[in-house]
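Since every read-out is calculated from the coordinates, none of them should be taken as a lab result. This is a predicted model, so every value here is computed, not measured. All Cβ positions, glycine included, derive from the backbone under ideal geometry; neighbour counts span all protein chains shown.
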Amino acid sequence: MVEALVFLLTGLQARIVIGTLASNGLDHALAVGLAISATVIVVRFAWVFPATYLPRLIPTVRRRDPCPDWRLPFLVGFTGLRGVVRV
């Protein structure tokens, strides 16, 4: 239900986005989209790696759950969460 609400609100903003796109041009929209995408990817990597390895500095956590190979957090950081709501 929450995801349906998010898509509804996104659709309601479409008219404003198209109007802004018409006045600013496609180049501006692509530049903003690339900047936002790059920011999200960098922030996701900055979050995934510490969230993976910092808890393992605690000895009881490290014994119970050893550090994974760097490739697993990289994969999680690169692919990210798809969709709005995850159950």
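If I ask for residues that are in contact with a Pro (Cβ under 7 Å, 6 or more places away or on another chain) and either more than 30 Å from PHE74 (Cα to Cα) or aromatic (Phe, Trp, Tyr) (or both), which ones from region 1-60 would you list? Break it down stepwise before answering.
Applying the first criterion (in contact with a Pro (Cβ under 7 Å, 6 or more places away or on another chain)) to region 1-60 yields 48-49, 52.
Once the filter is applied, which keeps residues that are in contact with a Pro (Cβ under 7 Å, 6 or more places away or on another chain) and either more than 30 Å from PHE74 (Cα to Cα) or aromatic (Phe, Trp, Tyr) (or both), region 1-60 yields only PHE49.
Pairing residues of region 54-73 that are in contact (Cβ under 8 Å) with a residue 24 or more places away in the chain and within 22 Å of ARG44 (Cβ to Cβ) with residues that are β-branched (Val, Ile, Thr) and in a helix (DSSP H, G or I), at Cβ distances under 8 Å and at least 6 apart in sequence or on separate chains, gives PRO73/VAL48; PRO73/THR52.
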